[in-house]
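Below: one structure, written as structure tokens.
The values are calculated or read from the model by the stated rules, or taken from the named source; none is laboratory data. This is a predicted model, so every value here is computed, not measured. In this analysis, Cβ positions are derived from the backbone assuming ideal geometry, glycine residues included, and neighbour counts consider all displayed protein chains.
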Amino acid sequence: LTCVKSNSIWFPTSEDCPPGQNLCFKRWQYISPRMYDFTRGCAATCPKAEYRDVINCCGTDKCNK
């Protein structure tokens with residue numbers, strides 16, 4: 001499985017997930033109005049959302065763009 005690690009306009013990067021990590025995730029963390037921090041990567045299980053987080057998990061290559 002290949003997941004997006006960072007998704008900048010010029011240099012999107014991806015990573016091959018290690019054995020046992022069969023999900024890609026993208027986390028939006030609310031900072032202030034119109035400002036969010038994005039975290040992307042591989043996971044064995046879908047991370048739990050914390051305060052003001054939205055998490056999307058998926059199981060296909062680069063599905064967490």
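Of note:
- Every residue from segment 1-47 that is farther than 13 Å from LYS65 by Cα and in contact with an Asp or Glu (Cβ under 8 Å, 6 or more places away or on another chain): LEU1, GLN29, TYR30, ILE31
- Selection of first residues in segment 24-37 that are within 12 Å of ASP53 (Cα to Cα) and at pLDDT 90 or above and of second residues that are among the polar types (S, T, N, Q) and part of a strand (DSSP E or B), restricted to Cβ pairs under 9 Å at least 6 apart or on distinct chains, gives the following pairs, ordered by first then second residue: LYS26/THR39; LYS26/ASN56; ARG27/THR39; ARG27/ASN56; TRP28/THR39; TRP28/ASN56; GLN29/THR39; ASP37/GLN29.
- Selected residue (criterion: surrounded by the fewest Cβ atoms within 10 Å (Cβ to Cβ)) from residues of segment 37-65 that are of a type in the set (Ser, Thr, Tyr) and over 11 Å from the mean Cα position of the chain (by Cα): TYR51
- Hits in segment 15-62 (condition: in contact with a strand residue (DSSP E or B) (Cβ under 6 Å, 6 or more places away or on another chain), within 14 Å of VAL4 (Cα to Cα) and of a type in the set (Ser, Thr, Tyr)): THR39
- The residue pairs whose first member lies in segment 1-20 and is closer than 19 Å to ASP37 by Cβ, whose second member is aliphatic (A, V, I, L, M), and whose beta carbons are closer than 8 Å, counting only pairs six or more residues apart or on different chains, are PRO12/VAL4; THR13/VAL4.
- When the criteria are applied in full, ARG34 fails the requirement of being surrounded by 16 or more Cβ atoms within 10 Å (Cβ to Cβ) and not hydroxyl-bearing (Ser, Thr, Tyr).
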